[in-house]
1. Quick one: if you stick a label point 7 Å off each Cα along the C-beta vector at THR232 and LEU173, how many nm between them?
2. Does a label point 7 Å from the Cα of GLU180, set along Cα-to-beta-carbon, have any residues of the range 191-231 with amide nitrogen under 15 Å, and which are they?
3. Among residues other than LEU120 whose Cβ falls under 12 Å from its Cβ, what is the net charge (Lys/Arg +1, Asp/Glu -1)?
4. Give a quick list of GluC sites (Glu not before Pro) in the range 185-236 that DSSP marks as loop, anything other than H, G, I, E or B, with at most 14 other Cβ atoms within 10 Å.
5. Would you please state the base-10 log of I(q)/I(0) at q = 0.09, 0.12, 0.17, 0.21 1/Å for the range 106-240, with intensities from the Debye formula using one equal scatterer on every alpha carbon?
Amino acid sequence: MEIHNLMEDMVRSTVDELFDADKPGQPSWCTCQQCRMDVACYVLNRMKPEYVVSSRGVAHAEQDYNEKLQRLADVVSTVREGWARINATRRPHFDHTSVAPVISLPDGPVYNIPPIMGRLFDGATFAPIDNLAVSLLDEKGQLVPMMDGNWQNPCPLVKNTGGTFIFWTYPVLATSERPERLFTFRVSAQAEGYDELSHFVELRLAVENKAQDQFSMQAVYKLPDMYLFPPTKDEDLESE
Ligand SMILES: [Zn+2]
């Protein structure tokens, strides 16, 4: 069963509506894809999520019309607030010129690799790890290419994100007639003071006609939580 946050749909569509309006917030405000994502994150971090599991949940959430209007009003005002803030602190390193990200995706049948997400903890303290980068490697041990510049491989773990890493892989062109293919990836993390972590991920994927260019939390493949441990000392091994 899939868990879905209805608030995410509402926030994304409201952001697009306001950003695409004839008179967006202030004429100087940026409407690029990165700023849209930043504003959507700003709003989602401030609104109560609304999780549903099934179509029944969706129907139920749609019932209270007045409440829905109120929520929409809250979303709109929070989008405006977030947009103003994000413009004031515009990311300097990012190219704000593009209206939509220019990703050239492979033409024709592809394997769409779902975004792969996991969390990394210190096995001794159970604290999330935030001072290293996690890599996603292919069968040959090469770094797997990501969808675009917003996704990094190795993926650095940053403070206050609970040790979360996420990879969104560039689609793989299907070169044979096989309707499905087994992909083996390796999640790897190496840091001083810890044993190397290797976790294999096997995904059997069906070939699809079109490359997936929309990121969807629903499609995310969640890995089990992973732990890094201090290296086993030689004397421990000998005493066994
Ligand atoms: Zn921008």
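1. Computed distance between label sites THR232 and LEU173 equals 4.5 nm.
2. In the range 191-231, the label zone of GLU180 (backbone N under 15 Å from the point 7 Å along Cα→Cβ) covers 202-208.
3. Once positives and negatives cancel, what remains is -2.
4. Hits after loop and neighbour filter: GLU192, GLU196.
5. The computed values of log10 I(q)/I(0) come out as -0.32, -0.53, -0.92, -1.27.
Readers should treat all values here as calculations from the given coordinates under stated rules, not as data from a laboratory. Note that the structure is a prediction, hence the values are computed from the model and not measured. Note that we place each Cβ from the backbone using ideal geometry, even for glycine, and neighbour counts take in every protein chain shown.
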